[in-house]
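The values are calculated or read from the model by the stated rules, or taken from the named source; none is laboratory data. Small disclaimer: the values here were computed from a predicted structure and weren't measured. Every residue, glycine as well, gets a Cβ built from its backbone with ideal geometry; the counts of neighbours run over all protein chains shown. SASA here: full protein model, heavy atoms, side chains in, ligands and nucleic acids out. Shrake-Rupley method; radii C 1.70, N 1.55, O 1.52, S 1.80 Å.
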Amino acid sequence: MALRQIVTKEDDVLTKKSREVVKFDDRLAILIDDMIDTLRDSGGVGLAAPQIGILRRVVVIEIDPEQGCLELVNPEIIETHGEQCGLEGCLSLPGEWGIAKRPYKVTVKAFNRNGEEYTVTGEELLARCLCHEIDHLNGVLYDSVAERMLSSSEIEKYNAGELDFADESYVKLED
Ligand code: CO
């Protein structure tokens, strides 16, 4: 197990575009394994390679540990449906939250660590996460696409359990 350090907003690596993976080798496998360890240790649901300072198009997502970790190499959104508007956060912007619009349903084409192509379709949180992580590969942080960021008093209330954005999270605005 190897944990990598997650970089935060001040690091301009997060604003750079990542390069495509061309070699599906042991180095890639180690990178993916380290990203999975780092994600699980962080308590987050998704991690993109630039967040550990590596400008490669690699993403890991784990929403339900029982279903395991999704590994996406060179992911590309090929289809979107509908819209959702809700709470979003990022391991690289700790303590911050925003309200962001995302497609309700997203289909992504990607490769696994062995270079085999597959597609994955996600709704709700998975759709939000796929968009958020792929944005990272293009140097885009969610605070630049969010409708608005929460104020510090809203964050205090949210942390105290006095504000619940959960219902807002999965509003299906249109098909
Ligand atoms: Co993020």
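Would you check if LYS101 is among the basic types (Lys, Arg), surrounded by fewer than 21 Cβ atoms within 10 Å (Cβ to Cβ) and more than 19 Å from VAL140 (Cβ to Cβ)?
no
Contact annotation: residue pairs with Cβ atoms under 8 Å, 6 or more positions apart or on different chains, pairing a residue in segment 1-17 that is within 13 Å of PRO94 (Cβ to Cβ) with a partner that is part of a loop (DSSP other than H, G, I, E, B) and open to solvent by 80 Å² or more (accessible area, probe 1.4 Å), are THR8/PRO94. Selection of strands (runs of 3 or more DSSP E) fully inside segment 1-97 by the criterion of at least 1 residues being within 13 Å of the ligand (Cβ to nearest atom) and either open to solvent by 20 Å² or more (accessible area, probe 1.4 Å) or of a type outside the set (D, E, K, R) (or both) returns 46-48, 58-61.
For (1) away from the ligand (no atom under 16 Å from the Cβ); (2) farther than 17 Å from VAL45 by Cβ; (3) open to solvent by 60 Å² or more (accessible area, probe 1.4 Å), each residue gets a yes or a no:
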position: PHE111; (1), (2), (3): yes, yes, no
position: THR119; (1), (2), (3): yes, yes, yes
position: ARG128; (1), (2), (3): no, no, no
position: HIS132; (1), (2), (3): no, no, no
position: ASP135; (1), (2), (3): no, no, no
position: GLY139; (1), (2), (3): no, yes, no
position: TYR142; (1), (2), (3): no, no, no
position: GLU147; (1), (2), (3): yes, yes, yes
